[in-house]
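S.K.: Just passing along the structure, written as structure tokens.
The values are calculated or read from the model by the stated rules, or taken from the named source; none is laboratory data. Predicted model only: the values in this text are computed from it and were never measured. Note that each Cβ is placed from the backbone with ideal geometry, even for glycine, and that neighbours are counted across all protein chains shown.
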Amino acid sequence: MLSVIIPAYNEEQMIPKTVSVIDGILCEAHIDHELLFVNDGSKDSTWEKIEEAASTSRSVKGVSFSRNFGKESAIFAGLSKASGDCCVVIDCDLQHPPEKIVEMYRLWEQGFEIIEGVKSSRGKESGLHKFAAKSFYEIMSNAVGFDMSRASDFKLLDRKAINVLLNMNEKNAFFRALSSWIGFKSTEVEYDVREREVGTSKWSTRSLIKYAVTNITSFTSAPMQLVTLLGVIVFIVGLATSIEAIVRFFQGTAQPGFTTVIILQCFTGSFIMFGLGVIGFYISKIYEEVKGRPKFIIDKTV
Ligand code: UDP
Ligand code: MG
């Protein structure tokens with residue numbers, strides 16, 4: 001069976017439509033399925049709409065959060081409650097074309113375990129948003145080690161992959177990157193991002209910035225090492241300034257006492273930064289241990 005996981009936050013207008021469209025497509029393709037809505041603490045009547053849909057359609061199920069926990073949490077909740085042999089995660093606003101689910105499912109039947117939906121275009125976005133998204137994905141791609149610029153949450157996962165994801169005890173799991181990080185036999189399906197039909201994007205600028213910072217820091221400790229780099233720069237500048245101060249001292253053009261002060265200033269500054277860098281390095285190691293990611297993931301044994 002295929003479980004379709006649909007995180008929904010203030011999507012009251014979309015629920016009935018999403019149910020009929022996805023249900024229709026999967027029934028037509030004769031794919032045994034369940035639609036699992038995760039109500040992420042919506043403030044409108046999203047949950048009532050889900051209950052309504054569940055009472056009329058056997059394939060609709062729902063879970064509801066006590067408050068808004070964010071899309072990542074909604075996805076993981078869906079994965080933990082799904083009973084299918086494979087799961088598709090799809091947005092409630094139908095921006096991810098539901099016909100692609102059938103294509104993904106056929107690939108799964110051929111033996112692929114992770115089928116990533118990749119964006120062939122990013123849809124309509126403003127200039128600043130595009131720039132911010134591009135920078136974010138560049139940092140993430142570097143941290144993860146593969147191209148994330150076209151990645152999305154629209155993907156199909158085999159039960160094996162789902163169990164691996166559910167067994168990770170990371171609290172700040174970044175679904176999009178983690179699902180590639182775990183490996184397994186993967187392939188891609190391209191799709192065009194559609195326009196949102198009703199309602200507005202549920203992401204405010206503030207929530208996007210928070211999302212970017214959380215996910216970058218959950219995959220890399222590089223920002224911590226910036227201070228080490230600064231220490232090196234300050235040290236070099238300090239060295240040059242000190243040489244100049246010493247030369248002036250011997251030429252007799254220096255203010256009395258100034259030479260000692262400037263040299264002490266430059267060197268204490270850079271040593272403190274080095275020190276912070278070293279501490280930061282150990283903290284990043286602790287952080288990696290605390291995340292408790294598995295050292296390896298076994299796919300098959302013989
Ligand atoms: N969503 C969610 N919790 C949130 C924000 C969004 O479950 O806190 C869901 C939302 O209902 C939708 C999906 O995540 O199904 C994508 O959200 P949206 O369309 O607002 O994002 P965008 O398409 O603009 O990236
Ligand atoms: Mg959307």
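Quick grid of which residues meet (1) surrounded by 12 or more Cβ atoms within 10 Å (Cβ to Cβ); (2) in a helix (DSSP H, G or I); (3) over 50 Å from the mean Cα position of the chain (by Cα); (4) of a type in the set (S, T, N, Q):
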| site | (1), (2), (3), (4) |
| --- | --- |
| PRO256 | no, no, yes, no |
| SER270 | yes, yes, no, yes |
| LEU276 | yes, yes, no, no |
| ILE279 | yes, yes, no, no |
| SER284 | yes, yes, no, yes |
| PHE296 | no, no, no, no |
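Matching residues to (1) aromatic (Phe, Trp, Tyr); (2) more than 16 Å from ligand 2 (Cβ to nearest atom); (3) touching a helix residue (DSSP H, G or I) at 6+ places or on another chain (Cβ under 6 Å); (4) free of Cβ contacts under 8 Å to residues at least 24 places away in the same chain:
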residue	(1), (2), (3), (4)
MET14	no, no, no, no
VAL19	no, yes, yes, no
VAL38	no, no, yes, no
SER42	no, no, no, no
GLU51	no, yes, no, yes
SER64	no, yes, yes, no
GLY84	no, yes, no, no
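S.K.: Within the stretch 160-175, does at least one residue satisfy the condition of being at pLDDT 80 or above, touching a Gly at 6+ places or on another chain (Cβ under 7 Å) and outside any helix (DSSP H, G or I)?
M.R.: No: the stretch 160-175 contains no residue that is at pLDDT 80 or above, touching a Gly at 6+ places or on another chain (Cβ under 7 Å) and outside any helix (DSSP H, G or I).
S.K.: Select from the stretch 158-203 the residues that are in contact (Cβ under 8 Å) with a residue 12 or more places away in the chain, within 16 Å of ligand 2 (Cβ to nearest atom) and either over 18 Å from SER218 (Cα atoms) or of a type in the set (D, E, K, R) (or both) and list them in ascending order.
M.R.: Correct list: ARG176, TYR191, ASP192, VAL193, ARG194, GLU195, ARG196, GLU197, VAL198, GLY199, LYS202.
S.K.: Quick check on my filter: what residues within the stretch 181-218 are out of contact with any Phe, Trp or Tyr (no Cβ under 7 Å at 6 or more places or on another chain), under 24 Å from ALA8 (Cα atoms) and part of a helix (DSSP H, G or I)?
M.R.: Selection gives THR205, ARG206, SER207, LEU208, ILE209, LYS210, TYR211, VAL213, THR214.
S.K.: Output the residue which, of all residues in the stretch 141-160 that are within 16 Å of the chain's Cα centre (by Cα) and over 17 Å from VAL189 (Cα atoms), is surrounded by the fewest Cβ atoms within 10 Å (Cβ to Cβ).
M.R.: Among residues in the stretch 141-160 that are within 16 Å of the chain's Cα centre (by Cα) and over 17 Å from VAL189 (Cα atoms), the one surrounded by the fewest Cβ atoms within 10 Å (Cβ to Cβ) is GLY145.
S.K.: Follow-up question, since we're still on this one. Please verify whether the stretch 235-253 includes one or more residues that are over 30 Å from ASN142 (Cβ atoms), free of Cβ contacts under 8 Å to residues at least 24 places away in the same chain, not basic (Lys, Arg) and not in a helix (DSSP H, G or I).
M.R.: Checking the stretch 235-253: at least one residue is over 30 Å from ASN142 (Cβ atoms), free of Cβ contacts under 8 Å to residues at least 24 places away in the same chain, not basic (Lys, Arg) and not in a helix (DSSP H, G or I).
S.K.: Still on this structure, I have one more. Residue by residue through the stretch 72-108, note down the ones that are among the aliphatic types (A, V, I, L, M) and at pLDDT 90 or above.
M.R.: Matches in the stretch 72-108: ALA74, ILE75, ALA77, LEU79, ALA82, VAL88, VAL89, ILE90, ILE101, VAL102, MET104, LEU107.
S.K.: Give the residues of the stretch 161-205 that are exposed (fewer than 13 other Cβ atoms within 10 Å of the Cβ) and among the small types (Gly, Ala, Ser), sorted by residue number.
M.R.: Of everything in the stretch 161-205, those that are exposed (fewer than 13 other Cβ atoms within 10 Å of the Cβ) and among the small types (Gly, Ala, Ser) turn out to be SER201, SER204.
S.K.: Related question: Please state which of the following conditions HIS33 fails to meet, knowing it meets all the rest: (1) within 16 Å of ligand 1 (Cβ to nearest atom); (2) closer than 24 Å to ASN163 by Cβ; (3) surrounded by 20 or more Cβ atoms within 10 Å (Cβ to Cβ).
M.R.: (1)
S.K.: Just one of THR187, THR217, THR200 is under 16 Å from the mean Cα position of the chain (by Cα) and more than 30 Å from THR259 (Cβ to Cβ); which is it?
M.R.: THR217
S.K.: Return the residue satisfying two criteria in turn: it lies in the stretch 5-45 and is β-branched (Val, Ile, Thr) and not in a helix (DSSP H, G or I), and of such residues it is nearest to TYR105 (Cα to Cα).
M.R.: Ranking the qualifying residues of the stretch 5-45, first place goes to ILE31.
S.K.: Further question: Only residues that are of a type in the set (Phe, Trp, Tyr) and within 11 Å of ILE263 (Cα to Cα): list them for the stretch 225-253, please.
M.R.: PHE235
S.K.: Just checking, how many residues over the stretch 134-158 are out of contact with any strand residue (DSSP E or B) (no Cβ under 6 Å at 6 or more places or on another chain) and closer than 24 Å to PRO98 by Cβ?
M.R.: Counting residues in the stretch 134-158 that are out of contact with any strand residue (DSSP E or B) (no Cβ under 6 Å at 6 or more places or on another chain) and closer than 24 Å to PRO98 by Cβ gives 3.
S.K.: Let me ask another. Out of the residues in the stretch 86-102 that are within 16 Å of ligand 2 (Cβ to nearest atom) and over 21 Å from the mean Cα position of the chain (by Cα), state the one that is farthest from MET14 (Cα to Cα).
M.R.: Taking the candidates together, the pick is LYS100.
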